[in-house]
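J.: After the structure tokens below, expect a handful of questions from me.
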Amino acid sequence: QEFAAAIAEAVAAASIVASGGLGEGAAAPAAAQQKASRKTKILCAGPEAREAGGALGDVWPGGNCTVEDASLSTLAAAVQERAQVVLAVECDPEGNLSDAARGLAAQLGAAPMGIRATLRQLRFSLLAIAGTHYGNAGERASANAMREELTRSALPVVQALQKLGAACVTTSSLDLQDVEGDQLVEVCKSMQKAFSEGMPGAVAAPTNGYPAAAAAAPTAPPAAASSVALQLKMGPSVAALGAEVASEGSDVLARFYFEADTSKVLKVRELRQSPDHEKGLATAEVELEASGALKEYTLGGTLQLLPENDVVDVEAAVRLMGLSAASLGQFITWVPKDGMSAGMKIKKPFPTPCTLREALARYCDLGRVPSKKMLSALQPTLDSLTAREHVAKLLADAEALKLLQGPAMCCKMHEFWEMLGVKKIDPTDFLLHCPRQKPREFTIASSPKAAPLRITLCVSMTSHELPDAPTSVKKLIEAGCLPAGASLPASHSRFYGTCSRWLATRMKAGDVVLAKTRPSPLHLPAKDVPVIMIGSGAGVAPFRGIWEELRRGKQAAPAALFFGCRHPEQDWLFKEEMSSAVKLTNTGCGALSKMQVGPKRPLSCLFTAFSRLGDGKESKYVQHRLKEQSVSVKHWVEKMSGSVFICGSSAMGNAVLDTLAEILEGGRETVDSLRKDGRIVAEMWG
């Protein structure tokens, strides 16, 4: 086996050299290399890394750039193509990597020898992306103030590559909330400089087997929008605003607003048998029209949906700007503060013309406190000397800022300014500097084969109590960051997720939303093999799409669903639909078992787990039901090459992975290997 592996490694290395090579002395003639700039590949580990990669690719000098998901195969292919590699890794300042980034690190640790030989030639630039979920309990202090922590979070991936002999030529970090177009261009330039300095030029000898490369020929930059000062313009109608100035999004998040498709809401219904909105117990099935690019949605794919703020928060914001509620119906746009010039193109924080109501409801994140960027911009303009002094102290105290933006408070925009005693903020300043609303991601719960013109979501409300919020306010007062006597409103005792509450309680048929789709690793295997689906609560979403897809296919191999919830009469989502998808087996009647009454029943078996039955009954979770079926699961995976899909909370998902390690031969090593091969796919959150 060692001999075979050595041969494979040698063949891989030889093939690289023969193909234009990454071996010593394999550089192409300088004249040929000078004809074109080196290709750049941005390889992304995580959905927000992918979003940042797309934005970076749009402004990459010369435009010779592609964006792909990061994996062993894409890394190796980039080396073979002699491409410059930017590795975008999603992480957070707490040291957590995204699932995709953790998976990549695991793949690198188990890379076969042939791949290892290839990756020894890799030179890459690391781009750490701040994975953020504004408006929920995952708030954290500005990533711009924690750049080193972000980069350190990505170290497991960097170290895994360095163990294989790859070299990191530079590191950078981005926060999608705060980065603007000019910053993206600067990041590109710094990476290009690092690549040129970290790699030999056209006439230099190769270093460590990496081929010599000519400097890219100067390329005229594409026409870009101007970062001019903007002024808000309001009017009773679009016509009153005058001609619109050509524009583009001013930052990464703004790109979503300009590029997303509009979709009409077709249906909204509550899926729980006993919902309780006040306690945050609600789960909505939302059906959207698949229009425009949304028609290309995929099974198990992801829908990015822009939420809308609560009307209470919108009305509080308009009062904070010194305007009346009637102003919400006014139309607004952005114009250059110093006047227009011929051919001018400006950068806008969101598309206009639109109503002030739309700007505040859609594009401003009113469910969170101000970002560090907003505080810095507004501090000199505040209407109170005391408020300016408090904000100055807050900006100078990283721990206080982190506490303010942390999960213990979950303070809203208007609540913060009210505690500070600020009575009015200029509308232009507020709309320019307010953090942008971020699209939320949901796994699609429908099949494009079964419903090509409709996209279904299954969304549970996010909610939790805030017992420590008063203590946090007290600490901020003691730090001089809030005035004495400041307090949150009495109603601020429970946190509700901005998007999930909107979907579960306020959305209705006929509403129009902004959305985009992207594929995910969760898709049916190409071969007819067993499919094992494990999910709890709203984690059943992709499996609804899968059983609808299987209903229209010819699959003969078993399809098993393990589903968990609290109580069968309280929160069994898609109960009737799920039950009717199970084959008529184990009925005691052989003839009935062979019957197919009505539509095809694609699920071979359904195993339910209920954790809150009460009356002293034993609590069951999906991992317990999985363990009970260990003989079947082992056979399906090991003997029939089945695939396992897991969707739900991180606690549930990790417990399931631990149980699979107990069931399968080889334990954790086998589970990690199957995840690397795509036969175990886990989508987890929280």
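J.: Once neighbouring chains are kept in place and the probe is 1.4 Å, which whole percent of the accessible area of the stretch 334-468 is contributed by carbon and sulfur?
T.: Percent of accessible area from carbon and sulfur atoms in the stretch 334-468: 52.
J.: Using a 1.4 Å probe on the protein chains only, how many percent of the accessible area of the stretch 618-686 belongs to carbon and sulfur?
T.: 48 percent
J.: Given a 1.4 angstrom probe, what's the average accessible area per residue across the stretch 60-128, in square angstrom? Show your work: numbers first, answer last.
T.: Details: 2250 Å² over 69 residues.
Dividing the accessible area of the stretch 60-128 by its residue count gives 33 Å².
J.: Counting only other residues whose beta carbon sits under 9 Å from that of Lys264, what net charge do I get with K and R as +1, D and E as -1?
T.: That sum, taken over residues with Cβ under 9 Å, equals -2.
J.: log₁₀ I(q)/I(0) of the stretch 314-445 at q = 0.10, 0.19, 0.23 Å⁻¹, via Debye over equal Cα point scatterers, no solvent, to two decimals?
T.: -0.37, -1.16, -1.47
J.: For the stretch 224-322, which whole-number percentage of the solvent-accessible area (1.4 Å probe, protein heavy atoms only) is attributable to carbon and sulfur atoms?
T.: Of all accessible area on the stretch 224-322, carbon and sulfur atoms account for 49 percent.
J.: Still on this structure, please answer the following. Just the number, please: percent antiparallel of the DSSP beta bridges in the stretch 228-371, rounded to the nearest 5.
T.: The antiparallel fraction comes to roughly 80 percent.
J.: Which number gives the lysine pairs in the stretch 275-393 that have C-alpha atoms under 18 Å apart and are eight or more places apart or on different chains?
T.: For the stretch 275-393, qualifying lysine pairs total 7.
J.: May I pose another question? Cα convex hull of the stretch 254-305: how many Å³ per residue?
T.: Taking the convex hull of the Cα positions in the stretch 254-305, it is 120 Å³ per residue.
J.: Rg (Å, one decimal) plus Dmax (Å, integer) for the alpha carbons of the stretch 42-96?
T.: For the stretch 42-96, the Cα radius of gyration and maximum Cα-Cα distance read 11.7, 36 Å.
J.: Let me ask something else. Could you do me a favour and compute the accessible area per residue for the stretch 487-527, 1.4 Å probe, result in Å²?
T.: About 49 Å² of surface per residue is accessible.
J.: Another question, if that's okay. At 1.4 Å probe radius, can you tell me the per residue accessible area of the stretch 303-453 in Å²?
T.: That works out to 36 Å² for each residue.
J.: Which percent, nearest 5, of DSSP beta bridges in the stretch 38-130 are antiparallel? Walk me through the intermediate numbers first.
T.: Numbers: 1 of 19 bridges.
Bridges in the stretch 38-130 are about 5 percent antiparallel.
J.: What is the Cα convex hull volume of the stretch 227-358 when expressed per residue in Å³?
T.: Output value, Cα hull per residue: 172 Å³.
J.: Which order do you get for His414, His464, His277, His523 if you rank them by accessible area with a 1.4 Å probe, largest at the top? Before the final figure, lay out the partial values.
T.: Working: His414 30, His464 55, His277 80, His523 105 Å².
Solvent-accessible surface, decreasing: His523, His277, His464, His414.
J.: Averaging sequence separations of C-alpha pairs under 8 Å and six or more residues apart, then dividing by the length of the stretch 499-564, give the relative contact order as a whole percent.
T.: Averaging sequence separation for qualifying contacts and normalising by length gives 39 percent for the stretch 499-564.
The values are calculated or read from the model by the stated rules, or taken from the named source; none is laboratory data. Small disclaimer: the values here were computed from a predicted structure and weren't measured. Ideal geometry is used to build each Cβ from the backbone, glycine not excepted, and the neighbour counts take in all protein chains shown. Heads up: the accessible areas ignore ligands, DNA and RNA and are worked out on the full protein's heavy atoms, side chains in. Shrake-Rupley method; radii C 1.70, N 1.55, O 1.52, S 1.80 Å.
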